[in-house]
Each structure stands twice: as C-alpha cells, then as structure tokens.
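> Just dropping this structure here.
The values are calculated or read from the model by the stated rules, or taken from the named source; none is laboratory data. Because the structure is predicted, anything quoted here is derived from the model rather than measured. As a convention, Cβ positions derive from the backbone with ideal geometry for all residues, glycine included, and neighbour counts pool all protein chains shown.
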C-alpha cells in the first residue's frame, strides 16, 4: 500500500485532531481490482473550515459542497466532508448538502456499489453496500434504486457504460431496464459532460462491449448525431476496438455516418484541437498511404491512424507508417532549403500573392516525394525551369 502512504499521513493528521478520515471512490475500487490507482480522494467527518485549520496549504475549490484541496508534501489531495444530498434540480449539483459524521451515509449517495467502498489508513474496508462482492462477481450495481440514482443525475447512465468499457463488468439488469426506459433523461445533461464520459468510454479495453450496451439500452437515441443515423451504432459495434481519444472516435464516426467532422464537433461542442486532429485522421483514412500523406499527418497521430485503419480496413499499417516516416527527407516546412524570400527574389516581376504559398507547397511535396533533393540550387533550377508557377 505504498501508493497510499502520503494519503494515510494526511488522514492521520485529521485523526490526530479528532476527525474520521477514509480513502474513497475510484482509488479504492481500482486498488481492490488490482488496477493502477489514479487520484486519491479523502472523505472526512471534519467540516471544510476544520480541514482548513488542520493544514497550512488549503484551496477551497468546492467549499459549498464540502470539498477543499489540500497541498501536502508536494502533492494535492481532494478532501470532502461526509455528506448527504437533496434533489438535483440541475441534474448535476445537489440543491441541498447536509454534512454528517457517518461514512455509511456518505457512501449511500454514490452511483455504483463498486465506488461506495471506503478504506481507513490501516487498510480496513467500510463496505455497507457489498461493493467488494460486486467486484468479485464483476458486476455493476447501483447504490439503492437505479431509478432514483439516474433521476438524480442522468449522467450516471453514461458513467455506467463507461465503467463497462474500462472494467469489463456486467451491468445490473435493473440498471439496464431503467437506462432503456429513461434514456431521454440524458437530454437534460450538458453535452460537454457526456463527451467527457464518451472519451473515457472509447479508450476502454472493453469498448466493444460498451458500444453493444449503448445499442441494447438504446442510449444512442439520446446522443447528438447518433439519433439521426440509426445504423451508425451497429457499424461501430461490429468493428470497435480501443481508441486513443475523442479525435479518433469522431474521425471514425464521420467515416461511418457521412456526417462531416466539423458537424460532429459542433453538435458535441468539442475543442478546436479535437477538430483539427479528427480532420487530419479523417483525411488520412480516405487517402493512400504514401510519403506525402504521412508527412501531412502530425507524428503524434500515427498511433491513432494505425488504430483506425485496423478498425476501418482491417489492416495493420504500423510498420508501413514507421518506415515511411523514417525515410522522409524533411519533417516540416521549416526544413525546406528555400524560403518565401527566395521565391520572391527568383520572380522579381511578380507581385506577392497566393502563388508564393502554392509554390511553397509544390516544392515541399516534390521534396517529400523524392522528385527533387532538398538542395537550394536544385530547387531554384526546378522552380525556374521545371515548374509552371
């Protein structure tokens, strides 16, 4: 339990001041499963102002909901007061938060039983909802009534599908039935929040199982673009493999749906970086694998392109991409042996204009395709005598 040493010291500090403290959430779940542990979240009986009195460096990141961020030995720990919650009018934040002193009451507000386990600093578990049994049986079961949990925050439906993708667990039948009957509740959720879950979902080892669940529970009918293209989810289910992120997912969906990458990005309110990466991948999927196309693809997208080709065309192109990239004579326009100023000086009678950019690209492509060496004099000769500017 070396990974928890600092967290245990934080918990010990709270205990020395008379408060209870436990590790909670995904870290405990992943530890019990044997997966690598991410962020360490601590739940405590201490109220936020009491936590702030215990530690020197505290940031009140969500103090109205009982959460503060503690800096301790150069690491950050999110510490939240035990609490119960009221209704969720905005389907995200509880209308009312009541601080309590009982860890069981706090665990009762969580989404799935595998996430409702607490661990003290001695490694002892508090597991009032049989989360460990669910882990042993590889089951995803809601804490209490699935209808109530999903009505409080419908995003929990997508979180359930995401956990299926990451863990490979079987979703409880009750939860499946509520998902299908109340899938329209997802429309209450900001699409940006759904996209966060979708990105984690598409990267999971069991993504094909998760996509099948999206299909069977008909959740796709509540998702932008998907709801207007009913055959898309079936195409994804047949071919799906783990991806590296949303840009790959969007490129694949664009290929299979016929809906452009910009339209996907617009409907899902995604970032410009996702848009640019997805467009580059989409272009590559529709192009021949050659020096010029590999050159145009940012190298950090090579692995994503290979993953997509395995899905889209059932081809392993990893070795080909690596070989082509290794042989490229230049890797970016700045590597070209000529500049825009050279072109202007070689054509003194021409006004500056788009021809410079066009000539740049023509020279760039000629060098990349090994039709001419990356040498200034050879390029000058080619531009003046072998290229129709």
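> I want to confirm something. Restricting to the range 316-334 and keeping residues that are in contact with a helix residue (DSSP H, G or I) (Cβ under 8 Å, 6 or more places away or on another chain) and part of a helix (DSSP H, G or I), which single residue is nearest to residue 303 (Cα to Cα)?
Applying the first criterion (in contact with a helix residue (DSSP H, G or I) (Cβ under 8 Å, 6 or more places away or on another chain)) to the range 316-334 yields 316-318, 321-322, 324-325, 327-331, 333.
Restricting the remaining residues to those that are part of a helix (DSSP H, G or I) gives 318, 321-322, 324-325, 333.
Numbers: 318: 8, 321: 9, 322: 10, 324: 14, 325: 12, 333: 22 Å.
Result: 318.
> Separate question: Looking at (1) without any contact (Cβ under 8 Å) to a residue 60 or more places away in the chain; (2) within 22 Å of residue 193 (Cα to Cα); (3) not assigned by TED's automatic domain parsing to the domain that holds residue 202, which one does residue 270 not meet, given that it meets all the others?
(1)
> Can I ask one more? Please find, among 125, 119, the residue that is touching a strand residue (DSSP E or B) at 6+ places or on another chain (Cβ under 8 Å) and surrounded by fewer than 21 Cβ atoms within 10 Å (Cβ to Cβ).
125
> Any idea which residue in the range 345-372 is surrounded by the most Cβ atoms within 10 Å (Cβ to Cβ), counting only those that are over 17 Å from residue 295 (Cα atoms) and in contact with a helix residue (DSSP H, G or I) (Cβ under 7 Å, 6 or more places away or on another chain)?
Here the residue is 359.
> Can you confirm whether the range 189-198 contains a residue that is out of contact with any helix residue (DSSP H, G or I) (no Cβ under 8 Å at 6 or more places or on another chain), part of a helix (DSSP H, G or I) and under 17 Å from residue 243 (Cα atoms)?
Within the range 189-198 (the criterion being out of contact with any helix residue (DSSP H, G or I) (no Cβ under 8 Å at 6 or more places or on another chain), part of a helix (DSSP H, G or I) and under 17 Å from residue 243 (Cα atoms)), the answer is yes, since at least one residue qualifies.
> Within the range 302-315, how many residues turn out to be farther than 11 Å from residue 251 by Cβ and within 19 Å of the chain's Cα centre (by Cα)?
3
> Report yes if residue 39 is exposed (fewer than 15 other Cβ atoms within 10 Å of the Cβ), under 30 Å from residue 194 (Cβ atoms) and in contact with a helix residue (DSSP H, G or I) (Cβ under 8 Å, 6 or more places away or on another chain), otherwise no.
Answer is yes for this residue.
> Right, here's the next one. Every residue in the range 297-309 that is loosely packed, with under 15 Cβ neighbours inside 10 Å and either touching a residue at least 60 places away in the same chain (Cβ under 8 Å) or part of a helix (DSSP H, G or I) (or both), please.
Once the filter is applied, which keeps residues that are loosely packed, with under 15 Cβ neighbours inside 10 Å and either touching a residue at least 60 places away in the same chain (Cβ under 8 Å) or part of a helix (DSSP H, G or I) (or both), the range 297-309 yields 299, 300, 303.
> So which of 207, 178, 164, 114 is buried (at least 21 other Cβ atoms within 10 Å of the Cβ) and touching a residue at least 60 places away in the same chain (Cβ under 8 Å)?
After ruling out the rest, the residue left standing is 114.
> Hey, could you check the range 316-344 for residues that are under 29 Å from the mean Cα position of the chain (by Cα) and exposed (fewer than 13 other Cβ atoms within 10 Å of the Cβ) and say which is nearest to residue 251 (Cα to Cα)?
Of everything passing the filter in the range 316-344, 316 is nearest to residue 251 (Cα to Cα).
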